[in-house]
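The values are calculated or read from the model by the stated rules, or taken from the named source; none is laboratory data. On a predicted model such as this, the values are computed, not experimentally measured, just so you know. Don't worry about glycine lacking a Cβ; one is built from the backbone with ideal geometry, like all the others, and counts go over all protein chains shown.
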Amino acid sequence: MKSKDWLYPDRKLRVFLIAISLTGLGVIFLGQRFDYSFFISDNLNAQNQFIINRIIRFLLNDNLVLLLIYGLFYDRKYVKFGLAVEAFGFFFLLIPYFILRFNTPIDHMYISFIHRLIINPTLMVLLIPAIYIQELQK
């Protein structure tokens, strides 16, 4: 990325991937209240709707950021690392969040910070400057 032609090779493809990922992230942000669980079943209880909606938003957000990372850096090793971060977030952050949310008497105000960290692609977005710095040091 040190040269002025950092988008090469496949400049058009990379710009397209970046545009698709940013547009998708914007659409998901604007449609935060959309009920994705309706596609699975229309007669779920509120707790199952909440869980399904959050899982789908988590996966959509993180995968769109993976697409952005691929578009920016055009290297599959970063996508593989991003998938590992996504799996970590799913198993060690999202699932415990659901357990805390529904099975403990903790006030929901305290859980809202965890919710924002998990549902918004915070961990994945933090990969972008880390990868950029690593690329600069090469």
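Restricting the first member to region 16-45 and to residues that are free of Cβ contacts under 8 Å to residues at least 12 places away in the same chain and farther than 20 Å from Leu66 by Cα, and the second to residues that are outside any helix (DSSP H, G or I) and hydrophobic (A, V, I, L, M, F, W, C), the beta-carbon pairs closer than 9 Å and six or more apart or on different chains are Phe38/Leu44.
Checking Ile119, Ile111 one by one, the residue that is farther than 19 Å from Arg14 by Cα, in contact (Cβ under 8 Å) with a residue 60 or more places away in the chain and touching a Phe, Trp or Tyr at 6+ places or on another chain (Cβ under 8 Å) is Ile119 and no other. Of all residues in region 113-124, one or more are within 20 Å of Ile18 (Cα to Cα) and hydrophobic (A, V, I, L, M, F, W, C).
Looking across Ile131, Ile106, one residue alone is more than 15 Å from Ile55 (Cβ to Cβ), modelled with pLDDT under 80 and either touching a helix residue (DSSP H, G or I) at 6+ places or on another chain (Cβ under 6 Å) or not in a helix (DSSP H, G or I) (or both). It is Ile106.
Pro9 meets the conditions (1) modelled with pLDDT of 90 or more; (2) not in a helix (DSSP H, G or I) in every case but one. The failed one is (1). Restricting attention to region 62-100 and to residues that are charged (D, E, K, R) and in contact (Cβ under 8 Å) with a residue 24 or more places away in the chain, the residue that is surrounded by the fewest Cβ atoms within 10 Å (Cβ to Cβ) turns out to be Glu86.
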